[in-house]
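This report concerns only the one structure given below.
The values are calculated or read from the model by the stated rules, or taken from the named source; none is laboratory data. Please read all numbers here as calculations on a predicted model, not as lab measurements. No Cβ is skipped: glycine too gets one built from the backbone with ideal geometry, and neighbour counts run over all protein chains shown. Just the protein is used for accessible areas: all its heavy atoms, side chains included, with ligands, DNA and RNA removed. Shrake-Rupley method; radii C 1.70, N 1.55, O 1.52, S 1.80 Å.
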Amino acid sequence: MTPSNTLAGKTPRMTFRSLFTALTALTAALLLSLHANPAAAQTQDGANAAPRELVFTILSAEGQAESGPLWEPLLNDLQREIGVPVRPIFATNYSVLVEAMRANQAQIGWFSALPAVQAIDRSNAQVIARIVDPEGKDSYTSTLIVKKGSGITVDDVARCGKRYDFGLGDAQSTSGTLAPMTYFFGPRGITPSECFATVRSANHQANSFSVANGQIDVATSNSVNTIFLRRNNPAIADQIETIWESPPIPESGILLRRDLPEGLKAKIREFFVTYGQGAGPGSERQRQVMDGLNYSQFRAADDSYLDPIREMKADQARREGRASEVAPPKRAMSVKDWAPFAVIGALALLALLANLIPSRASGPVEAGEIPPPPVKSLGAKTLDLLLWGGFAVMLIAAFNKVDLPNIVNLFSNSENIRNYGRDFLNPDFSQWRLLVEQMWLTVQIALWGTFLAVFLAVPLSLMASRNMAPGWIVWPVRRVMDLLRSIPDLVIGTLFIVAVGLGPLAGVLAIALNTAGVLAKLFSEAVESIDRGPVDGVKATGAGRLHEIVWGVIPQVAPLWTSFALYRFESNSRAATVLGLIGAGGIGQALFENLQAFNYRTVSTIAIIIVVAVTLIDTLSQIMRKRLL
């Protein structure tokens with residue numbers, strides 16, 4: 001439905017009072033949602049004052065569902081010991097945890113070695129303890145793993161030749177990226193992107209499952225992940241073998257912000273270094289908690305224990321510096337590369353020349369005579385050829401680029417699809433309460449994001465409407481709207497995480513900006529299609545510009561504006577799930593955690609919850625539109 005079809009020759013049924021009532025109801029719903037999920041108090045009453053709550057970040061490849069029960073007893077003990085509530089945050093992304101501590105949205109956390117260095121350098125953090133494994137070692141190793149029986153050796157990997165699909169770790173992972181680049185690829189002068197057929201980045205558990213399932217050939221992992229798989233997923237561990245192991249790497253550590261009160265920091269340090277080390281029933285219970293985490297103790301440490309990591313980073317920087325000096329020249333474009341553009345260019349030139357030829361005018365039509373069908377000029381026909389021919393050329397040129405020939409694998413790998421479908425059609429509802437709570441948070445993110453977007457879009461749309469604003473205002477405002485629409489939600493969300501820290505607020509702001517750009521365009525098109533009569537009538541009474549907008553414009557466009565806003569709310573409820581990938585919370589975070597862990601039964605449950613939620617939102621939107629329009 002277009003604005004002109006809706007407004008032309010029809011008196012709007014929505015009055016300004018009904019619009020005000022609708023906005024009041026929406027505001028009440030938003031305040032209710034805010035009350036339902038109050039932000040945890042993390043601020044301090046003054047410099048070095050005791051915080052009302054500590055947020056403990058945990059990097060977890062397995063996700064909250066599996067790691068939560070392992071960490072919960074320890075954090076409960078910490079809370080009792082220091083007398084301050086401790087709330088955990090689980091995430092699969094190193095960077096967002098570092099930024100959360102930088103924004104003081106987290107004050108203490110478990111970090112592997114490289115992110116720990118980043119937290120010290122960027123987030124005002126300090127080391128208080130390091131991990132010791134059950135064998136008494138405070139170090140671990142990076143590994144390269146392959147599917148057992150594949151026959152792939154270290155020498156095969158080092159030969160490159162773009163034969164294998166490779167799984168690299170997170171860019172901030174010590175054992176997943178830094179160590180293999182320092183000890184394996186760097187000394188051999190290998191760049192993974194040039195060595196392998198494809199390179200994907202994921203956490204250790206996801207890479208291990210992918211190797212075991214034959215989705216990738218080689219991947220980075222570490223000795224800790226090997227133990228975890230052996231204990232929790234022995235069937236997967238039995239399908240994997242290690243072909244390379246790095247020198248020892250410093251184990252993970254416990255870090256906290258330097259600006260916490262000194263007395264509190266001393267209590268936290270004392271808690272960790274003595275946990276599970278005494279005698280008696282209490283210490284025995286603590287040792288059982290440590291066994292679940294696969295630790296034997298937390299050994300006292302300071303920032304200097306990470307010096308080997310800094311040396312690895314420095315070595316990597318030196319290697320990259322030398323590589324940049326002898327970088328090979330870029331490959332010149334071949335005939336295959338520029339041929340499609342040459343064809344399209346020739347068609348464009350032909351269309352331009354043909355349109356210079358004057359069109360032949362048809363003779364007059366006698367009364368009662370059926371006019372002949374319109375005849376396209378040569379220029380018009382050539383333009384059609386340009387459009388449809390260019391479209392065909394681009395399709396053909398992109399055939400191999402998008403890997404379309406491999407569509408046959410859809411049928412040759414039918415067993416894999418059946419296995420996936422078997423799990424997906426057998427949902428696991430054991431965690432449904434937690435998942436429903438996360439879906440509700442996702443809806444709240446979408447609700448607030450849409451609400452803020454509407455109030456941004458209204459003034460932008462009025463300034464971008466040619467019948468309401470002069471051209472020197474319309475053009476720059478429309479470019480701002482283009483910018484807001486063009487930047488993906490994930491990019492905006494990541495920027496806001498840097499600004500406001502980890503949590504739903506980053507998701508709300510990302511959705512608000514992107515949606516504001518979309519709604520402002522739709523709102524402005526509705527404004528440009530209004531009937532000038534009511535506006536002129538209000539103007540004739542001597543009213544000002546604001547009154548013209550309030551009484552002459554808004555009553556005409558309010559039905560469409562409401563419809564557009566409700567539709568975007570429905571769309572944002574789906575879009576907000578993606579923001580879980582960057583730590584914005586909600587059902588999206590659980591979705592990506594379970595996808596990376598290949599827990600397709602839980603993924604199926606999440607999909608069902610999302611479908612039900614979106615359906616309910618759509619039904620509610622239809623009811624509201626009928627009531628308001």
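If I filter the range 240-262 for residues that are more than 22 Å from ASP307 (Cβ to Cβ), free of Cβ contacts under 8 Å to residues at least 24 places away in the same chain and of a type in the set (A, V, I, L, M, F, W, C), do I get at least one hit?
Within the range 240-262 (the criterion being more than 22 Å from ASP307 (Cβ to Cβ), free of Cβ contacts under 8 Å to residues at least 24 places away in the same chain and of a type in the set (A, V, I, L, M, F, W, C)), the answer is no, since none of the residues qualifies.
Report, by residue number, each residue of the range 462-472 that is within 11 Å of GLU528 (Cα to Cα) and either open to solvent by less than 60 Å² (accessible area, probe 1.4 Å) or touching a His at 6+ places or on another chain (Cβ under 6 Å) (or both).
Passing the criteria: LEU462, ALA464, SER465, ASN467, MET468, ALA469.
Could you list all residues from the range 418-430 that are free of Cβ contacts under 8 Å to residues at least 24 places away in the same chain and either closer than 12 Å to ILE610 by Cα or open to solvent by less than 80 Å² (accessible area, probe 1.4 Å) (or both)?
Correct list: ASN419, GLY421.
Taking the range 227-242, which residues are closer than 29 Å to LEU75 by Cα, not aromatic (Phe, Trp, Tyr) and not in a loop (DSSP other than H, G, I, E, B)?
The answer is ILE227, LEU229, ARG230, ARG231, ASN232, PRO234.
Regarding the range 131-139, can at least one residue be identified that is in contact with a helix residue (DSSP H, G or I) (Cβ under 8 Å, 6 or more places away or on another chain), modelled with pLDDT of 90 or more and under 21 Å from ALA237 (Cβ atoms)?
no
Can you pull out the residues in the range 243-259 that are crowded, with 19+ Cβ neighbours inside 10 Å, out of contact with any Lys or Arg (no Cβ under 6 Å at 6 or more places or on another chain) and not in a strand (DSSP E or B)?
Answer for the range 243-259, where residues must be crowded, with 19+ Cβ neighbours inside 10 Å, out of contact with any Lys or Arg (no Cβ under 6 Å at 6 or more places or on another chain) and not in a strand (DSSP E or B): SER246, SER252.
Being aromatic (Phe, Trp, Tyr) and at pLDDT 90 or above is the filter here, so list the residues in the range 441-462 that pass it.
Answer for the range 441-462, where residues must be aromatic (Phe, Trp, Tyr) and at pLDDT 90 or above: TRP448, PHE451.
All but one of (1) out of contact with any Ser or Thr (no Cβ under 7 Å at 6 or more places or on another chain); (2) at pLDDT 85 or above hold for PHE111; state the number of the condition that does not hold.
(1)
Only residues that are over 20 Å from ASN124 (Cα atoms), among the basic types (Lys, Arg) and either touching a strand residue (DSSP E or B) at 6+ places or on another chain (Cβ under 9 Å) or crowded, with 19+ Cβ neighbours inside 10 Å (or both): list them for the range 266-286, please.
If the condition is that a residue be over 20 Å from ASN124 (Cα atoms), among the basic types (Lys, Arg) and either touching a strand residue (DSSP E or B) at 6+ places or on another chain (Cβ under 9 Å) or crowded, with 19+ Cβ neighbours inside 10 Å (or both), then no residue fits.
Restricting attention to the range 287-323, which residues are open to solvent by less than 40 Å² (accessible area, probe 1.4 Å), farther than 20 Å from ALA179 by Cβ and not in a loop (DSSP other than H, G, I, E, B)?
Answer for the range 287-323, where residues must be open to solvent by less than 40 Å² (accessible area, probe 1.4 Å), farther than 20 Å from ALA179 by Cβ and not in a loop (DSSP other than H, G, I, E, B): VAL289, MET290, GLY292, LEU293, PHE298.
If I filter the range 555-571 for residues that are farther than 29 Å from ILE608 by Cα, open to solvent by 30 Å² or more (accessible area, probe 1.4 Å) and part of a helix (DSSP H, G or I), do I get at least one hit?
no
Can you tell me which residue within the range 184-236, out of those that are hydroxyl-bearing (Ser, Thr, Tyr) and over 27 Å from the mean Cα position of the chain (by Cα), is nearest to THR174 (Cα to Cα)?
If we take residues in the range 184-236 being hydroxyl-bearing (Ser, Thr, Tyr) and over 27 Å from the mean Cα position of the chain (by Cα), then SER223 is nearest to THR174 (Cα to Cα).
Give me the pairs, please: first residue somewhere in the range 77-88 and farther than 15 Å from GLY109 by Cβ and part of a helix (DSSP H, G or I), second residue anywhere and among the polar types (S, T, N, Q) and open to solvent by 20 Å² or more (accessible area, probe 1.4 Å), beta-carbon distance under 9 Å, and either six or more positions apart or on two chains.
ASP77/GLN286
Quick check: is even one residue across the range 431-448 open to solvent by less than 50 Å² (accessible area, probe 1.4 Å) and either acidic (Asp, Glu) or outside any helix (DSSP H, G or I) (or both)?
No, every residue in the range 431-448 fails to be open to solvent by less than 50 Å² (accessible area, probe 1.4 Å) and either acidic (Asp, Glu) or outside any helix (DSSP H, G or I) (or both).
Of everything in the range 473-531 that's of a type in the set (D, E, K, R) and part of a helix (DSSP H, G or I), which residue is most open to solvent (accessible area, probe 1.4 Å)?
Only one residue tops the list, namely ARG479.
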